[in-house]
Amino acid sequence: MAGAESPAGCQAELEPVVSLVDVLEEDEELENEACAVLGGSDSEKCSYSQGSVKRQALYACSTCTPEGEEPAGICLACSYECHGSHKLFELYTKRNFRCDCGNSKFKNLECKLFPDKAKVNSCNKYNDNFFGLYCICKRPYPDPEDEVPDEMIQCVVCEDWFHGRHLGAIPPESGDFQEMVCQACMRRCSFLWAYAAQLAVTRISAEDDGLLPNATGMGDEDVSKPENGAPQDNGLKEDVPDHGRDSVNEVKAEQKNEPCTSSSSESDLQTVFKKENIKTEPQSSCRLQELQAKQFVKKDVATYWPLNWRSKLCTCQDCMKMYGELDVLFLTDECDTVLAYENKGKSDQATDRRDPLMDTLSSMNRVQQVELICEYNDLKTELKDYLKRFADEGTVVKREDIQQFFEEFQSKKRRRVDGLQYYCS
């Protein structure tokens, strides 16, 4: 009764009880997450033979390549077969990566699945994630010293993970965004600010002065204004949109000594366009220049983007050339998204899941098939009704409850069989 004192024997807090419904829902959620992340990757064959895989689940082995050594990444299959007992960092997914397992970065390990590998994969890109460090704070996740509850969000460009509180702009409370571009990548790919004013979940326009908090202490804003209705003339060549010229030059300087880049020449870019089947728009139509003709604000903050925002990016020849020089051609590819990878994983897993009952039936004759189907339907119906009682009451199913069910089921089956009468004709 309300207001009544609890008996002395009930003073202690009751242990939390988990119902069958809770367990089933949690198991289904975990299974779906696993299918999403791992389903698009092969768990039995090393991915090295596929070259730089467009997107795959990756791991880093702290046992084989500890901090201070060269960073290396391994595929899902190698994480099981070659590093099963090692300490691994889960990297979620990365784009355009080739498995390093057993190459020159691994001093005392040979890949069991694909030992004949090149010494290094020069096209692979690495960051602090490969040593278990994330965000601008360079901390592990989970961080035992961090008592602030916060989610980690992956940047779609650099693919590093960031604490929401370290992005300069607080993530939308509703969580209604599909992708995020971090502060550093917004600085490097400054052309995105013109799109952010129109497309970002929390739009940043010239009228929204001070809309987003600046957590870095860098309060200066760059408001780009058109002159006479046209984009600003900064004296740069016209063959590349003016918004990204400085960023392009910086990237070129960084890539001079790189053995492999995605855009070493204009002819290479044309090859990429054809390979990715990306349609370019006529040169006279540049969506970006139209957006640049309007006022927009540049801030030192991350931006959050909705579903399908990439399809709104201009694909004229100048813009495609700029994307290549900035090494962000993947932004024009909808299949590059993590969502596309996860959906493919779920679809592949659903296709691969075979019904064990159907496998058994295929090895039986017609009479055996009918008998098994009847038995199976009886078991399914009775078990469902039996477990439903626990679900309705919100109680836990114990081992002895399951044992009792099968004992009673077998008993009923014996009674049905013993009661049959056989006649000889």
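The values are calculated or read from the model by the stated rules, or taken from the named source; none is laboratory data. Quick caveat, the model's predicted, so the values are computed rather than measured. Glycine also receives a Cβ, built like all others from the backbone with ideal geometry; neighbour counts cover every protein chain displayed. Areas reflect the complete protein model, heavy atoms only, side chains present, ligands, DNA and RNA absent. Shrake-Rupley method; radii C 1.70, N 1.55, O 1.52, S 1.80 Å.
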| said: Between Val148 and Phe405, what is 0.36 nm times their sequence separation minus the Cα-Cα distance? Round to one decimal in nm. | reply: 87.9 nm
| request: List the relative contact order of region 59-102 as a percent without decimals, with contacts defined as Cα pairs under 8 Å and 6+ residues apart. | output: 51 percent
| field | FRET E, pair Tyr92, Lys312, Förster distance 30 Å, beta-carbon r, rounded to 0.05 | value | 0.70
| In the full protein assembly as shown, how much of Ser85 is accessible to a 1.4 Å probe, in Å² to the nearest 10? | 110 Å²
| Once the whole set of protein chains is in place, how much accessible area is left on Asp42, using a 1.4 Å probe, in Å² to the nearest 10? | 70 Å²
| said: Let me cross-check Lys380: its accessible surface, 1.4 Å probe, with only protein heavy atoms counted, in Å² to the nearest 10? | reply: 110 Å²
| message | Need one number: nm distance between label points at Lys138 and Ala184, each 7 Å from Cα along Cα→Cβ, rounded to one decimal. | response | 1.0 nm
| field | GluC sites (Glu not before Pro) restricted to region 74-159 and DSSP loop, no more than 13 other C-beta within 10 Å | value | Glu110, Glu145, Glu147, Glu151
| message | Taking 26 Å as the cut-off for C-alpha to C-alpha distance, list the pairs among Lys87/Lys107; Lys45/Lys125; Lys45/Lys105; Lys87/Lys398 that go past it. | response | Lys87/Lys398
